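To keep things clear, I will list the structure first and then write my remarks on it.
The values are calculated or read from the model by the stated rules, or taken from the named source; none is laboratory data. Fair warning: this is a prediction, and the values are worked out from it, not measured in the lab. Positions of Cβ are backbone-derived with ideal geometry, glycine not excepted, and every protein chain shown enters the neighbour counts. Just so you know, the surface numbers come from the protein's heavy atoms only, side chains and all, with ligands and any DNA or RNA stripped out. Shrake-Rupley method; radii C 1.70, N 1.55, O 1.52, S 1.80 Å.
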Amino acid sequence: MCVMARPRKPLLSRERIVSTALALIDSAGLPALSTRRLAAELGVSGPSLYNHFTTKDEILDAVADTVIAQVDVSGFEAGADWRAGLLDWARSYRAALAAHPQIVPFLAQGPGRRPAGLKMADAAFGGMVRAGWPPAQATRVCAMVRYFVAGSALGSFARGFVDDPSAYDPADYPHLGQAHLLAEHQRQVDEGAFETGLRALVDGLALQHPELLPPDGG
């Protein structure tokens, strides 16, 4: 009697499920994710997923945490300038979300119980409090950065304008004569807008709270 050898590696793993789910969300959008479709993408039966995740929400949580785990919060280490910490965090945060904009609406709900999300929140809040910010104000600042980053990563300002010059009749829109060029320069426009806004936020905080600047004034 011939006995078939077991595969050396299991057909499924949490990592494979999560990476496939993220790829599906990236390509087809958040509403496209279902356990049936995910199982089909993986080439397995639906019940197989439940050996690793109990519900679809658990899969979504794992996907979201995988994205947030890419965010660099090392700028909030002890002794660091809070301004540099905010700038580095916001840039890394936006890069992670901009790479996967379809998951942003889910991430915008907050970290819930997700470990990577909570670690990011803990690092940012802790860094601001160590720098001298009162806890209530540190909370507001971290929330403000999250709002700004999520909104920036959710869509493109430049892509919102069509590249047809005839859409911008000067009789109706006298100041949009170059609007058809925005999409062509999407990265420059969108990243420049983010950087301008981020700098304004951080500089504005520093002006409002000069007592929290490092001794050299930075």
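Here the gap between PHE106 and ALA143, fully extended at 0.36 nm per residue and compared with their Cα-Cα distance, gives a gain of 11.7 nm.
Each of GLY112, THR35, HIS209 was placed along the dipole of the chain (beta-carbon charges, centred on the mean Cα), and the one lying farthest toward the positive end is THR35.
For the pair GLU184 and LEU11, the difference between a 0.36 nm per residue extended length and the Cα-Cα distance amounts to 58.0 nm. Sorting VAL162, VAL104 by accessible area puts them as VAL162, VAL104; the probe is 1.4 Å, largest comes first, and only protein heavy atoms count.
Measuring nothing but protein heavy atoms, the accessible surface of the chain at 1.4 Å probe radius is 56 percent carbon and sulfur. Note on HIS100: accessible area approximately 40 square angstrom, rounded to 10, probe 1.4 Å, nucleic acids and ligands left out. Estimated from helices alone, the mean residue ellipticity of the chain at 222 nm is -17500 deg cm²/dmol (sum of -39500 (n - 2.57) over DSSP H runs with n ≥ 4, per residue).
Report the Cα centroid-to-centroid distance between the stretch 111-185 and the stretch 189-205 in angstrom, as an integer. Measuring centre to centre over Cα atoms gives 9 Å.
Counting only protein chain heavy atoms and rolling a 1.4 Å probe, the accessible areas of ASP169, ASP65, ASP163, ASP81 rank, largest first, as ASP163, ASP169, ASP81, ASP65.
Neighbours of ILE68, meaning other residues whose beta-carbon lies under 10 angstrom from its beta-carbon, give a summed charge of +1 when Lys and Arg score +1 and Asp and Glu score -1. Judged by the gyration tensor of its Cα atoms, with axes a ≥ b ≥ c, the stretch 113-164 is prolate; a/c meets the 1.5 cut and a/b is the larger of a/b and b/c. In whole percents, the pair-distance distribution calculated for the chain from its alpha-carbon pairs, binned every 10 Å from zero, is 7, 26, 25, 21, 14, 5, 1, 1, 0. Near ALA80, once Lys and Arg are set to +1 and Asp and Glu to -1 for all other residues with Cβ below 13 Å from its Cβ, the sum equals -2. Probing with 1.4 Å while keeping every protein chain in the model, the per residue accessible area of the chain equals 60 Å².
Other residues lying with their Cβ under 12 Å from the Cβ of GLN186 contribute a combined charge of -2, Lys and Arg counting +1, Asp and Glu -1.
Measuring with a 1.4 angstrom probe and ignoring ligands and nucleic acids, HIS52 comes out at about 60 Å² accessible.
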